[in-house]
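Everything on this sheet refers to the single structure shown next.
The values are calculated or read from the model by the stated rules, or taken from the named source; none is laboratory data. If you're wondering where the values come from, they're calculated on a predicted model, not measured in any experiment. Note that we place each Cβ from the backbone using ideal geometry, even for glycine, and neighbour counts take in every protein chain shown. Accessible surface is based on the protein model in full, side chains and every heavy atom, while ligands, DNA and RNA are left aside. Shrake-Rupley method; radii C 1.70, N 1.55, O 1.52, S 1.80 Å.
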Number of protein chains: 2
Amino acid sequence: MGQRKSGHVTLHDVARACGYSVSTVSIVLSEAPLSQNVAASTRTQIREVAQRLGYHPDAYARSLRRRRSLTVGVLAYDLSDPFCIPIVQGIQSGLQPASYVPLLMDAQTQRKHFDSYLKLILERRAEGVIVIASWVFEETNLLADIEKNHVPIVILGRDLTRRKISSLLIDNETGGALALRHLIELGHRNIAVIRGPEEMFDSEPRWTGIRRQAAQSGIKFDPRLTFQLPGVLDPTSGFEGGRALARTMLDAGPPFTAVLAFDDLTALGVMRGMSEAGLRIPQDCSIVGFDDVLPAAVATPGITTVHQPLQQMGLLAAQWTLEAIEAHEGTATVHRHRAVPELVVRGSTGPPAKAPAQRKART
Amino acid sequence: MGQRKSGHVTLHDVARACGYSVSTVSIVLSEAPLSQNVAASTRTQIREVAQRLGYHPDAYARSLRRRRSLTVGVLAYDLSDPFCIPIVQGIQSGLQPASYVPLLMDAQTQRKHFDSYLKLILERRAEGVIVIASWVFEETNLLADIEKNHVPIVILGRDLTRRKISSLLIDNETGGALALRHLIELGHRNIAVIRGPEEMFDSEPRWTGIRRQAAQSGIKFDPRLTFQLPGVLDPTSGFEGGRALARTMLDAGPPFTAVLAFDDLTALGVMRGMSEAGLRIPQDCSIVGFDDVLPAAVATPGITTVHQPLQQMGLLAAQWTLEAIEAHEGTATVHRHRAVPELVVRGSTGPPAKAPAQRKART
DNA sequence: TCAAGTGGTTCAAACGTTTTAATCGCGGCA
DNA sequence: TGCCGCGATTAAAACGTTTGAACCACTTGA
């Protein structure tokens, strides 16, 4: 057809094809206020031609001129962690009504990706940035660049309010306490604990909450039954870690009737490990997880866990971002919110066995 | 500082700050061939100032001028389906080396999103489009628009080669046959089957493969043990469907020793349902899934399933796209590939029980 | 008759880059 | 002396839009 060098149909093409000027066509197709002055016949004609040629406005040219990208960068540390998905969906639905679009980037737990995607988001002139950071996220100096360019940031999973960055957190302490309390209320006293890896921000506060609750209930943890996951590479390593630790704790001595796992994948790993050792869940040993991700919900028995309102958190993050964009240069308030966790009781927990957990069969 | 109306630092700002012209600065910062002619001292000075001001080139202006966006649109039908994630990761790693960036959109199984995101991808001048379509994907006329604008498309999960669109498929027939054969080899004869919902493209060929294998092995399915999942809303509905059907099949008569489920989530649902009825997996009933998604791998027992090389498929899709972009207007070959499925045997299958499955306890 | 609308349409400048062609001072060469 | 080449830098046009201001041919009110 009448295509030019570039493969795309432009305003020019449409203008030429219907005999009007570029301006008129633009006014009509972008439904500018002025389009009321354009004769109705002209309007329909232009629209018709545009449709026929398959015209779509060039977002680059448009954003350049309008100086708005209607884009919010979303940087997730790893999409293959089921934890991220509901958050992203929440963000998406929060952005929707303002007709903003997420520019979604998956860092795949690699620092270099993290940096380059942050740069990319900046170059694409996202009007705001939302970072989902459960780890990897060390204070890049790119953050400084983002601030220099006056792009508002919201961070999920980490408190950076002291750096004037709105932060959205899970109340890990309360969550940890909640999980432990549940076990205690069921009657468990000898409880094995698996702490998260050092690199994760969630590990420490969760452990703090657990100890707080333990102290409050007059419970002591046997150090021989307190473990720590090694550094994480990918989300499934939590599973393998839990599985391995299950054997360790069965082999290495002291009796216990329940396991408090760092997160759901770890809990699932423990469940597998226990099962391989011939134990039944929850009759021989109760297991609690954390996060309430999909695999925990659809396992059998379902994993009792601490639910986090991930979707709402995503939504809120989106709203904060939009608000900050709106405020523009103005007084962008720095928010902080701790989402309240909720215990979800499923089949993996029950009253303690009379005889404490011990290996029943060999694999 | 010396900021203008727009919050962003521009080439102009840098030029003014260091006393050189915009051209020189551009040449240096974009490392154009000409930059060899620029005095070394000038170069370092410019770089230094740019760094200090936090300059990042405007992707909009740049792409507009260069007429390249270095972007490939990726439209997933639903990111919350764990099925999508490995594909997306594959795509990402396939795009990486060519320094293309995925523009990732999640249609969330909503038709309207699908359309508007496809439009958006077009407007953002993605140089190629990859569609992950297990359903919802009816022939939008937007597809025609994409073609009019000469943007190459690759589609995953559907054969559209007759419309000259490169298509990447799972060999559902072989996969279905594989799953059934496994059960037969274990000695199962009375097998319940759960077919996929009509709306999904995978349902029919998978069922065809199953019947082919059945005929070949001289097996007949009892129509009272052949079910179909109702239309799907979200990925978890497969779970609920399976759970409900487990009860149905136990209640409604004929004996069976194994269940062939449409996909992993359904299989997990069946497992839950069976367990609630007091049956043990695999002793009392074997279960096979399809897809090999994360929840199936980390459940206990692990779900025996048909693995699909999702990541490689994503990679391949990315490579095809890049190739088509490269060819540009030229002879873009239309590819078709059927990925070969592979059986993954886990704990959910075993030899048939002496006594066929039947309800043991009430919930 | 003239000024002031009015409805319909267009000019032209801008947005922030990239890139081709030009500019400029200067030493060397014939 | 005039010309060339050279190294360093810059002017200006283009990419596809949007938009305030202008334009034009009318009509209308005074």
Item to check | GNM result for chain B, Cα springs below 10 Å: residue of B:Q89, B:Q213, B:Q36 fluctuating most strongly | outcome: B:Q36
Checklist entry - At a 1.4 Å probe radius, carbon and sulfur cover how many percent of the accessible area of chain A? => result 52
Next on the checklist: Checking the table A:K220/A:K354; A:K148/B:K119; B:K119/B:K148 against a 23 Å threshold on Cα-Cα, which pairs fail?
Outcome noted: A:K148/B:K119
Checklist entry - Shortest first, in nm, what separates the label point of B:P230 from those of the same position in the other copies (7 Å along Cα→Cβ)? => result 4.8
Checklist entry - If one takes the accessible area of chain B alone plus chain A alone and subtracts that of the pair, with a 1.4 Å probe, what total in Å², rounded to the nearest 100, results? => result 5900
Next on the checklist: Place a point 7 Å from Cα of A:Q228 in the direction of its Cβ. Which residues in the stretch A:182-199 have their backbone N less than 14 Å from it?
Outcome noted: A:194-199
Next on the checklist: As an exercise, identify the chymotrypsin sites (Phe, Trp or Tyr not before Pro) in the stretch B:71-132 lying in DSSP coil whose Cβ has no more than 10 other Cβ atoms within 10 Å.
Outcome noted: none
Item to check | For A:R195, residues with placed amide H under 5 Å, excluding near neighbours | outcome: A:F227, A:Q228, A:L229
Item to check | Among A:Q45, A:V345, A:I130 - extreme Cα towards positive end, dipole of the protein assembly as shown, charges at beta-carbon | outcome: A:Q45
Checklist entry - Say we join alpha carbon atoms closer than 10 Å with springs in a Gaussian network model of chain A; which of A:G302, A:G157, A:G242 then has the biggest fluctuation? => result A:G302
Item to check | Segment A:E185-A:V344, extension gain: residue separation times 0.36 nm, minus the distance between their alpha carbons | outcome: 55.8 nm
Checklist entry - On average, how much accessible surface per residue is there in chain B, in Å², for a 1.4 Å probe, leaving out ligands, DNA and RNA? => result 42
Item to check | Solvent-free Debye scattering, log10 I(q)/I(0), computed from the Cα coordinates of the stretch A:20-148 at q = 0.14, 0.15, 0.18 Å⁻¹ | outcome: -0.74, -0.79, -0.95
Next on the checklist: Quick check: net charge around B:V38, other residues with Cβ under 15 Å of its Cβ, Lys/Arg +1 and Asp/Glu -1?
Outcome noted: 0
Item to check | Separation of the B:R336 and B:E199 label points, Cα + 7 Å toward Cβ, nm | outcome: 2.7
Next on the checklist: Is there a quick way to get the dipole size of the protein assembly as shown? I mean about its Cα centre, with the Cβ of Lys and Arg at +1 and of Asp and Glu at -1; what is the value in debye to the nearest 20?
Outcome noted: 220
Next on the checklist: Within 10 Å, Cβ to Cβ, of B:A192, how many net charges do the neighbouring residues add up to if Lys/Arg are +1 and Asp/Glu are -1?
Outcome noted: 0
Item to check | Gain upon complete extension [B:T248, B:Q45; 0.36 nm per residue less C-alpha separation] | outcome: 65.5 nm
Checklist entry - Between A:K112 and A:R280, what length comes free when the chain is fully extended (0.36 nm per residue of separation minus the Cα-Cα distance, one decimal in nm)? => result 56.2 nm
Checklist entry - A:R243: net charge of surrounding residues, Cβ under 12 Å, Lys/Arg +1, Asp/Glu -1, itself excluded? => result 0
Checklist entry - What is the mean projected area of the alpha carbon convex hull for the stretch B:220-329, to one decimal in square nanometres? => result 9.5
Checklist entry - For label points placed 7 Å from Cα toward Cβ, what is the shortest-first list of nm distances from B:T333 to its copies? => result 6.1
Item to check | Residues with amide H under 5 Å from that of B:A258, placed H, sequence gap 5 or more | outcome: B:A192, B:S286
Checklist entry - Hey, with R₀ at 45 Å, roughly what FRET efficiency would A:S30 and B:S99 work out to, going by the Cβ-Cβ distance, to 0.05? => result 0.90
Checklist entry - Of B:G269, B:G231, B:G19, which has the largest mean-square fluctuation in a 10 Å C-alpha GNM of chain B? => result B:G19
Item to check | Gyration tensor (Cα) of the protein assembly as shown, equivalent ellipsoid semi-axes in angstrom | outcome: 49, 35, 21
Checklist entry - For the stretch B:86-195, what class follows from the C-alpha gyration tensor (a ≥ b ≥ c being the square roots of its eigenvalues): rounded when a/c is under 1.5, otherwise prolate if a/b is larger than b/c, else oblate? => result prolate
Checklist outcome for this item: From the Cα centre of the stretch A:264-303 to that of the stretch B:182-218, the distance in Å is 30
Checklist entry - Taking amide H positions as placed 1.01 Å from N in the peptide plane, with prolines and chain starts having none, which residues 5 or more places from B:D292, or on another chain, fall under 5 Å of its amide H? => result B:D264, B:V306
Next on the checklist: Under the rule a/c < 1.5 gives rounded, and otherwise a/b versus b/c splits prolate from oblate, where does the stretch A:5-82 land using the Cα gyration tensor?
Outcome noted: prolate
Item to check | Other-copy label distances relative to A:A98, 7 angstrom Cα-Cβ extension, nm | outcome: 3.4
Item to check | Per-residue average of Cβ from other chains inside 10 Å of A:73-85 | outcome: 3
Checklist outcome for this item: The equivalent-ellipsoid semi-axes of chain B, taken as the square roots of five times the Cα gyration tensor eigenvalues and listed largest first in whole Å, are 54, 21, 17
